[in-house]
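Only the coordinates and a few stated rules stand behind these numbers; no lab work does. For clarity, every value in this text was computed on a predicted model and none was experimentally measured. Glycine gets a Cβ as well: all are built from the backbone with ideal geometry, and neighbour counts include every protein chain shown.
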Amino acid sequence: MKTSIALAVSAAFAAVLSPAVQAQTWEPTKNVEFIIPAGTGGGADQMARAVQGIVAKHGLMKQSILPINKAGGAGAEGFLDVKNAAGDPHKIIITLSNLFTTPLATGVPFNWRDLTPVQMLALDNFVLWVNSKTTYKTPKEYLDAVKKAGPGKLRMGGTGAKQEDQIITAAIEQRTGVKFTYIPFKGGGAVATQLVGGHVDSTVNNPIEAVAQWRAGSLRPLCVFDTQRMPYKEKVTKDMSWYDIPTCKSTGLDIDYLMLRGVFMAPGVKPEHVNYYTGLFAKVMATPEWRKLMEDGAFNTTALKGKEYADWVAREEARHVSLMKAAGFIAGQ
Amino acid sequence: MDEIQSLWHGFGVALSPTNIALMFTGVILGVIIGVLPGLGGANGVAILLPLTFGMAQTPGGATSAIILLSCIYWGALFGGAITSILFNIPGEPWSVATTFDGYPMAQQGQAGRALTAAFTSSFVGAFLAVVMITFLSPVVAGFALAFGPPEYFAVYLLTFCAFIGTSKEPPFKTLAAMMLGFALAAVGTDTVTGTLRLTFGSTHLLTGFDFLVAVIGLFGIGEILLTLEEGLEFRGTKAKLNMRVVLETWRELPRYWLTSVRSTLVGCFMGIVPGGATPASFMSYGVARRFSPDGAKFGTGKIEGVVAPETAAHAAGTSALLPMLTLGVPGSPTAAVLLGGLMIWGLQPGPLLFVEQKDFVWGLIASMYLGNIAGLIVVLTCVPLFAAILRVPFSIIAPIIIVICAIGSFTVKNAMFDIWMMVVFGILGYLFKKLQYPLAPLVLAIVLGDNAESAFRQAMLMSQGDLSILFANTLVGTMTTLALVLLFWPMISALLAKLRGKPG
């Protein structure tokens, strides 16, 4: 308890001393709506509510943060809400990959350029999982089995349709020439359970969605879709840590994919508004609670802001366009 | 008897003065949340979740936090029945089936009796479900793993088939209402292809029709329009206003033990699967109507028609926590928020939770016993108070109801559009009643249509279009067969009677 207060105080000091925040003159005059373009209980929802809890616990803000779920139309409801609130500094939104996939797949009229980028909080990893009752120890063994079984015979379970999980599945298919039957479910927890129950043959769950079943010995990770291994070396199961999972690239499956967990604001807000929130998130990310959340979910803790962030998002958008075009996921294509 | 010992230990954890105070706070908040339509249990828990974040950092704090939140959940389960019975407005999706007999009872001046029956059966359902969790959790926890898309579809099919024959209206009117419900449920994002459908380019329709808005309109506003037409008064004014009604009802309830047992079984099954409390209540009502000797009179104010859905809803709501804790799969929207809470508090739901977090798990299970007792005490003492609401003149209460309905519809998505939708649904509800179309199949299809459709299409993806997947193993085969038997029961029973008649 004491150390966390000390940390918060030092974080607050650091924030005050840093030149970027000295220009900060604005602060919220009423409660801030934190829009979540996804359902309750999912990864984005957990992260937004964790932020709310951290802000409240450490008193980082005079006003409160109120998370609101606007999940309709694969998140389009939330994005349109923020897009239409031009100039409103009391509204922020957490995004996942549906920032790119939803407008592309459904044709709903919005683009990340309609919003103001604030801060990247973290990037979420994807891991290729199989049931531990199977004999596959490497991605190659598994993909050979998929090929041998014939097109569409083995099933890949994932969250949602034409979103990140299906995009990765399509990328694997394009790279290796195998063909899965992709089965969309509504939530990551359900996907992991379907794999344990043997209703699907593999998944690309985020670490946090599958970790409990991994620890219980029901699932086996084959590789992680990042360019480097996850840095967490503490043992998660009896003999493995997140770090022990090889990258897919190193096993010959040359695909990397990370999902954005970032914050945006409405269009037309002033620079001091953006500065306020980057300052706030710097304080949030310095808390021990935040670090624990990152470790539990084996997140990639890249946290860009400003132009670097916008550039990253632009690159990622281009990548989604090409991935989704190749997979035939674009509306009206 | 390891469980008894662990449970005893759990009571030790749960029975601190702070935790008991939290329990009552949670239940009272939950009842209020349950009463207000629109502000569902999931919202209530979500709003309070961050408050528990600091709480969970202290030793034993995670247990206190989940006690508070789960008690809100129990309270909401209890509270949902109140407005269903008094005003024909279900506060929560799972109390829709309670309106079928609960509201007619209130109109006949038996609001107290209906409320007591609802609360008591809720308690019985929850209690039996907790007992099941206490002693059978290792056995049943893995049961949900057997459920893939075909099995889920079979569960939904079973719900529809159990319910379909239960309205008094002609079968084709039932069918028409149900198909309209399916059509409404299809609006929005198609979960299997990820594309939008039936939105006609409107951004308001992206999210589809929210069930709560539809129910508030169809039942609440529709009912008020009808009452306006029939003369501005409530017919429930004769309701008894003392505690004696509770005791009298209790004397009567043991007669329906068979219904309670059946409904508990349906509820526990639906909770563990997890199918959810709403289908459980519909299925249980349908089954009770079919197998009760008084079945034909259901819908006119039979107490059994209140006992069945309430028992099942509470049993399902309680046992839904089991797949949440052991598999990380939430059985209801509220359970989903609780699940998020667990993770924020640093607890990892999953097969190892029962091993690694004994204090927490058994504290929670003990709090389920205590929380439900607390809930029962709170709501039963308020029965006369709730019944007294019906004495307020209609000209005062009706505008209040309309305002609450409007706020409820607005709260669902913070959208003005939903208030207009509520009005449209209100007019639809009025027309349905005037033309004697049943509302229940419409509502059932709106609630379950989307899930049933996803499960069916996932199953068809798995089998590449082969329907035989619905009979692929014993589990799914049994459920599908059972559903078909229930669907054709009137014909089957007629046939059986004929066969039996012939030799004689």
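3J(HN,Hα) couplings calculated from phi for segment A:307-319 with the Karplus curve 6.51 cos²θ - 1.76 cosθ + 1.60 (θ = phi - 60°) are, in sequence order, 5, 4, 5, 4, 5, 4, 4, 4, 4, 5, 4, 4, 5 Hz; Gly and Pro show x. Within the shell of other residues whose beta carbon sits under 13 angstrom from the beta carbon of B:Tyr437, the net charge comes to +3, with Lys and Arg scored +1 and Asp and Glu -1.
Pairs with C-alpha atoms separated by more than 20 Å, drawn from the list A:Lys148/A:Lys179; A:Lys153/A:Lys186; A:Lys162/A:Lys325, are A:Lys153/A:Lys186. Can you give the FRET efficiency to the nearest 0.05 for A:Lys270 and B:Ile492, using r as the Cβ-Cβ distance and R₀ = 56 Å? With R0 = 56 Å, the Cβ-Cβ based efficiency is 0.20. Note on segment B:1-103: the C-alpha convex hull projects to 7.8 nm² when averaged across all orientations.
Cross-link candidates for A:Lys235: which lysines have Cα within less than 17 Å, leaving aside residues fewer than 8 places away along the same chain? Reachable lysines: A:Lys292.
Helical content of chain A, expressed as a calculated mean residue ellipticity at 222 nm, amounts to -13000 deg cm²/dmol (DSSP H runs of 4 or more residues, -39,500 (n - 2.57) each, divided by residue number, nearest 500). Once you reduce segment A:33-57 and segment B:403-420 to the center of their Cα atoms, the two points are 23 Å from each other. With distances taken between every two different alpha-carbon atoms, chain A has a Kirkwood hydrodynamic radius of 20.7 Å. Extent along the principal axes, Cα only, for segment A:50-197: 59, 37, 22 Å, with the longest axis given first. Here the scattering of segment B:272-387 is modelled by Debye summation over its C-alpha atoms, one equal scatterer each and no solvent; at q = 0.13 Å⁻¹ the log10 of I(q)/I(0) is -0.65. Quick one: Debye curve from the alpha-carbon atoms of segment A:127-251 only, equal weights, vacuum; give me log10 I(q)/I(0) at q = 0.11, 0.13, 0.14, 0.21 Å⁻¹ to two decimals. For the requested q values the scattering log ratios are -0.33, -0.46, -0.54, -1.29.
Mean per-residue shielding of peptide B:186-195 is 6, counting Cβ atoms of other chains within 10 Å of each Cβ. With the convex hull drawn over the C-alpha atoms of segment B:267-327, the volume per residue is 56 Å³.
Since only A:Gly72, A:Gly217, A:Val274 are under comparison, the one whose Cα sits farthest along the positive direction of the charge dipole of chain A, derived from C-beta charges on Lys, Arg, Asp and Glu, is A:Gly217. Site pair B:His9 and B:Val424 shows an inter-label distance of 5.7 nm when each label is modelled 7 Å from Cα along Cα→Cβ. Per-residue ellipticity at 222 nm, computed for chain B from helices alone with -39500 (n - 2.57) per DSSP H run of at least four residues, works out to -23000 deg cm²/dmol. Other protein chain C-beta atoms within 10 Å of residue C-beta, averaged over B:458-465: 3.
Counting only complete DSSP H runs, which helices of chain B cover 24 Å or more along their long axis at the Cα atoms and score a mean Kyte-Doolittle of 0.0 or above? Answer set is B:17-35, B:61-87, B:111-141, B:358-381, B:394-413, B:416-434, B:440-463.
Once both labels are positioned 7 Å from their Cα atoms along Cα-to-Cβ, the gap between A:Met240 and B:Glu248 label points is 6.6 nm. With neighbour counts taken as other beta-carbon atoms within 10 Å, the residues A:His320, B:His9 rank, fewest first, as B:His9, A:His320. Listed from fewest to most Cβ neighbours within 10 Å, the set B:Trp257, A:Trp129, B:Trp489, A:Trp112 follows the order B:Trp257, B:Trp489, A:Trp112, A:Trp129. Look at the stretch A:202-212: the mean tally of other chain Cβ atoms within 10 Å of its residues' Cβ atoms is 2. The long axis of helix A:2-17 is offset from the longest Cα principal axis of chain A by roughly 70 degrees. Computed over the protein assembly as shown, the P(r) tail beyond 50 angstrom holds 15 percent of alpha carbon pairs. Taking the Cα centre of the protein assembly as shown as origin and assigning +1 to Lys and Arg Cβ atoms and -1 to Asp and Glu Cβ atoms, the resulting dipole is close to 860 debye.
Panel values: chain B, Kirkwood radius from alpha carbon pairs, Stokes-Einstein at 20 °C and 1.002 mPa s, translational diffusion coefficient 93 µm²/s.
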